[in-house]
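Participant: Take this structure first; my questions come after.
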C-alpha cells in the first residue's frame, strides 16, 4: 500500500446503524409505561493513499430519542469530525509522522431533566477542537497516535451559558485554549459469529496547568449482525472531563468535583457496512 505511486487510491469504509425499541401496554395489570426509542449512528471514513502519504477523515455522528408517555427525551447527541495526515517513516514496524485535528459538538439543546425550559448545552456550546503533530504506530486492527505538543480549544458560543462560566471557562468567557500532551487509539476487529467491535479512546493532559489531571473519552461500538440487515447494537461511552463539575463533595450545595460520565444505548435495527479499509 505504501509503494511509490503517481495515483491516489480512495476508499470509503462506513457503518450505518438505525435502531428501534418499543414497548406498548394496554390494561397491563403489572404496570408499566409505553415507550419508544429510536437512534441512528453514522461512522463514515474517507481514506486517500498516494505513495508514502495517507490522509484519513472520519465523520462520527449519533442521535437518539426516547418517547415515554408523550414526553420526549434526548438520549444521545454527538457530531465529530477528525482528520489526520500521515507520512511513512518505516514499514516494519509501521511508524508514521502525523498531523491530527478534530472538532466535536452536538446537534440540539440538552436539558438536565425532561420538561426543563433552561438548557445546559447546545450546538457549539460547548464545542471542542484538537490540533497537533505527533507519531502514529499501526498494527493489526490497532491504530495508536501520540503528540507531545497539542493545542486544545473549547468554545461556548452561547451568551446564557458563557455567563455561567461552565465547561472550564470563567463567567463571560467564550473561548479557551490549552496546550498539552494528547493521544488517541482506535481498535477495530471483526470476530466469528458476526460481531464487530470499534473502540475509540482519547486522552489529553494540560501539562502547563494540571499535568496529572488527564481527560479521558472512551467510545465503544459493538454490532452483532449474522445474516441480512437486522442487527443488535451496543454503544457505550465513558467520559472524564476535569472541567465539568458533577459532584458536591462538601455538602454545601455547590458542585466542586468532576466525575465519570457514562452513557449506554442498546437497540435492534438495521446495519449497513460499506467499503474496506
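What follows draws every value from the coordinates through simple rules; no lab data is involved. All values reported here derive from a predicted model rather than from experimental measurement. In this analysis, Cβ positions are derived from the backbone assuming ideal geometry, glycine residues included, and neighbour counts consider all displayed protein chains.
Participant: Once you place label points 7 Å from the Cα toward the Cβ at residue 57 and residue 213, how far apart are they in nm?
Facilitator: So the label points at residue 57 and residue 213 sit 3.6 nm apart.
Participant: May I pose another question? In what sequence do 91, 80 fall when counting other Cβ within 10 Å, fewest first? All intermediate terms of the calculation are to be shown ahead of the outcome.
Facilitator: On the way: 91 12, 80 18.
Going from sparsest to densest Cβ surroundings: 91, 80.
Participant: With N residues in the stretch 148-245, what two-decimal value do you get for its Cα radius of gyration over 2.2 N^0.38 Å? Please list the in-between numbers first.
Facilitator: On the way: Rg = 18.2 Å, N = 98, 2.2 N^0.38 = 12.6 Å.
Relative to the rule-of-thumb radius for its length, the stretch 148-245 sits at 1.45.
Participant: Multiplying the sequence separation of residue 74 and residue 6 by 0.36 nm and subtracting their Cα-Cα distance, what value in nm do you get? Don't skip to the end; give the middle numbers.
Facilitator: Values: separation 68, 0.36 × 68 = 24.48 nm, distance 4.79 nm.
Fully extending the segment from residue 74 to residue 6 adds 19.7 nm.
Participant: Cα gyration tensor of the stretch 111-160, axes a ≥ b ≥ c as square roots of the eigenvalues: rounded (a/c below 1.5), prolate (a/b > b/c) or oblate?
Facilitator: Details: a/c = 6.15, a/b = 2.21, b/c = 2.78.
Here the stretch 111-160 falls in the oblate category.
Participant: Moving on. With no solvent and one equal point scatterer per Cα, compute the Debye intensity ratio I(q)/I(0) for the chain at 0.10 Å⁻¹ and report its log10, rounded to two decimals.
Facilitator: -0.63
Participant: For residue 224 and residue 26, compute 0.36 nm times the residue count separating them, minus their Cα-Cα distance, and round to one decimal in nm.
Facilitator: Working: separation 198, 0.36 × 198 = 71.28 nm, distance 3.17 nm.
My answer for the length gained is 68.1 nm.
Participant: Further, regarding this structure: When the helix-only estimate is applied to the chain (DSSP H runs of n ≥ 4, each -39,500 (n - 2.57), divided by the residue count), what is the mean residue ellipticity at 222 nm, nearest 500 deg cm²/dmol?
Facilitator: Values: 1 runs with 4 residues, N = 277.
Mean residue ellipticity, 222 nm, calculated: 0 deg cm²/dmol.
Participant: Still on this structure, please answer the following. Working out 0.36 nm times the residue gap between residue 170 and residue 90, then minus their Cα-Cα distance, what length gain in nm do you get to one decimal? List each step's numbers first, then the result.
Facilitator: Working: separation 80, 0.36 × 80 = 28.80 nm, distance 4.53 nm.
So the extension gain works out to 24.3 nm.
Participant: FRET efficiency for residue 16 and residue 252, Cβ-Cβ distance as r, R0 = 35 Å, nearest 0.05? Show your work: numbers first, answer last.
Facilitator: On the way: r = 47 Å, r/R0 = 1.36.
Computed FRET efficiency for residue 16 and residue 252 comes out at 0.15.
Participant: For a quick check, take a GNM of the chain with Cα springs below 10 Å and name the residue from 40, 160, 257 with the largest mean-square fluctuation.
Facilitator: Maximum among the listed residues: 257.
Participant: Further question on the same structure: Between 50, 242, 26, where does the largest GNM mean-square fluctuation fall for the chain, given springs only between Cα atoms within less than 10 Å?
Facilitator: 26
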